[in-house]
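Have a look at the structure below before the remarks.
Any read-out appearing in this document is the output of simple, stated calculations on the displayed coordinates, not a laboratory observation. Owing to the predicted nature of the structure, the values given are computational and were not obtained by experimental measurement. Every residue, glycine as well, gets a Cβ built from its backbone with ideal geometry; the counts of neighbours run over all protein chains shown.
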Amino acid sequence: MAMRPIPVSDAQWTVLSQSAQALPPVDRPHYLAALAEALRNEPLPLGDGALYRAIRLTQRTYWQPPRVTAPTGQDRRRVGEPLLE
């Protein structure tokens, strides 16, 4: 069965592509496919609210928080020491 294309405006396409930029490159194709599936049953024309809801719900599955490492001993500053000199 052929899938129907999901018509989006230029502004909506920009939002879709920017939402994928927050994810690791390896996950982006899977995210966009899952997002398309989430939008497939939305009534047309696709509203911005439906788009943002689908992004919010789908991005949760693929977003991974950045790894934060503890600073090394030489990077630590003393309390009250200015950040810039």
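A few comments on the model shown:
- Cα-projected label distance for L46 with Q59, points at 7 Å along beta-carbon direction, nm: 1.5 nm
- Pairwise Cα separations in region 5-59 fall into 10 Å bins from 0 onward with the following percentages, short to long: 25, 62, 13, 0.
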